[in-house]
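Each reported figure results from applying straightforward, stated rules to the coordinates on display, with no laboratory input. Not measured: the values here are computed from a predicted model. We place every Cβ from the backbone using ideal geometry, glycine too, and count neighbours over all the protein chains shown.
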Amino acid sequence: MNPTPVVFVHGLWLHSTSWQPWVELFREAGYAPIAPEWPGIPDTVAEARPVPERYGDHGVADVTDHFAEIIRGLPAKPVVVGHSFGGLIVQQLLGRGLARAAVAIDPAPAKGVLALPLSALRVASVAVRNPANRRRAVALTPAQFRYGFGNALTERESAELYEKWTIPTPGRPLFEAALANLVGTATRVDTSDPGRGPLLLTAGGRDRTVPPAIVEGTARLYRKSPATTEVIRFPDRGHSLTIDHGWREVAQASLDWLHRHGL
């Protein structure tokens, strides 16, 4: 029997190679994992940082379509695992019927989520305060990363993660999320399909970029669907929960959930 494919999807400001510990753990658990990059982004952090002009003008739909094409080339329907905007994208892939199940780790808000915590607005303002950022990539400073990702960590660990994994990121997804409930459908997710696979949402209790109120709002979008939607909460974790010293706790919880659902 061939192993189940797993596709990892990163969010804003992190490179796909940040998933490598997860890839290794899932491979050891018997899966066939891959962590593709967003369209246009080079293969390494060092290559991506100097050339943000190559990949700055991509929105959520572009990235979702990119991963949909990758999935169509796999030998079997995968499990999809995403963080932040990657968590939104894996929900869209699940809603399109392209995945067996999805794990959305502290996912960016889908259209219809009304919660707007001030900390999330502060993080988004890095891009949306300048309309020109809609068509280009935007980098975080170490202080901005500390606020949005590393606030639950020591200053030293936050600085180390910033140096190891961060890259400039397309600004357009943040504009699309900010305007989602007024105009546009880029962040819309099909939450009504009764035949979709199981969905796991996670919420980091100290996450400033995607605070728990956003995750709870996402869960409410699915409340009328008979398909499985569950939430796991990590009270002491921030937005860095996929890459910091405690990543294995989140990864193992995801594996355990997949196993409970026969996946």
Original post:
In the stretch 153-160, is there at least one residue being of a type in the set (D, E, K, R) and buried (at least 17 other Cβ atoms within 10 Å of the Cβ)?
Top reply: no
Subject >> When residues of the stretch 1-20 are limited to those that are assigned to a loop (DSSP other than H, G, I, E, B) and not small (Gly, Ala, Ser), the one surrounded by the fewest Cβ atoms within 10 Å (Cβ to Cβ) >> reply: Met1
**OP:** Show the residue pairs that are 6+ apart or on different chains and have beta-carbon atoms under 7 Å apart, the first residue being within the stretch 160-177 and farther than 22 Å from Pro109 by Cα, the second being of a type in the set (S, T, N, Q).
**Re:** Leu161/Ser240; Trp165/Ser18
Subject >> Ala99 within 18 Å of the chain's Cα centre (by Cα) and under 24 Å from Trp22 (Cβ atoms) >> reply: yes
Original post:
Is it true that some residue in the stretch 69-91 is closer than 24 Å to Gly148 by Cα, out of contact with any Pro (no Cβ under 9 Å at 6 or more places or on another chain) and surrounded by fewer than 24 Cβ atoms within 10 Å (Cβ to Cβ)?
Top reply: no
**OP:** Being of a type in the set (Val, Ile, Thr), closer than 18 Å to Val250 by Cα and outside any loop (DSSP other than H, G, I, E, B) is the filter here, so list the residues in the stretch 205-225 that pass it.
**Re:** Val215
Subject >> Cβ-Cβ under 9 Å pairs, at least 6 apart or on other chains, the stretch 124-146 side aromatic (Phe, Trp, Tyr), far side surrounded by 21 or more Cβ atoms within 10 Å (Cβ to Cβ) and in a loop (DSSP other than H, G, I, E, B) >> reply: Phe145/Trp13; Phe145/Ser240
Original post:
Are there any pairs with C-beta distances below 8 angstrom linking a residue in the stretch 208-233 that is under 21 Å from Ala178 (Cβ atoms) to a residue that is assigned to a helix (DSSP H, G or I) and of a type in the set (A, V, I, L, M), with the two at least 6 apart or on different chains, and if so which?
Top reply: Arg208/Ala120; Arg208/Val123; Thr209/Ala120; Thr209/Val123; Val210/Ala120; Pro211/Ala120; Ile214/Ala120
Original post:
Mind checking which pairs have a first residue in the stretch 4-18 that is at positive phi and free of Cβ contacts under 8 Å to residues at least 40 places away in the same chain and a second that is in a loop (DSSP other than H, G, I, E, B) and of a type in the set (Ser, Thr, Tyr), Cβ under 9 Å, 6 or more apart or different chains?
Top reply: none
